[in-house]
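*Asks:* Right, I'll just put the structure down here and ask away after.
The values are calculated or read from the model by the stated rules, or taken from the named source; none is laboratory data. None of these values were measured; they are calculated from a predicted model. In this analysis, Cβ positions are derived from the backbone assuming ideal geometry, glycine residues included, and neighbour counts consider all displayed protein chains.
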Amino acid sequence: MRAILVIAVILQIIVAVQTEGLTRALAELSAFLLVLGIVFSFKQKKRAQAAKDIGRLG
């Protein structure tokens, strides 16, 4: 899942570099939102792992 998001970010950056105007702005916005998705995905996985570790201790 994370690999797909990274590839999508790279594609959006390529589109943003090669275009102008509204298309560029939308590509930049979507790349930013995809990066946020990657960050939240990482945080969620880390939180789930921490909960699993706590479950083992208790």
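*Asks:* Taking the range 6-50 as the search range and keeping residues that are in a helix (DSSP H, G or I) and among the charged types (D, E, K, R), which one is farthest from the chain's Cα centre (by Cα)?
*Replies:* Across the range 6-50, the extreme among qualifying residues is Arg24.
*Asks:* Restricting to the range 11-58, what's the tally of residues that are loosely packed, with under 12 Cβ neighbours inside 10 Å, β-branched (Val, Ile, Thr) and at pLDDT 90 or above?
*Replies:* Looking only at that region, the number is 2.
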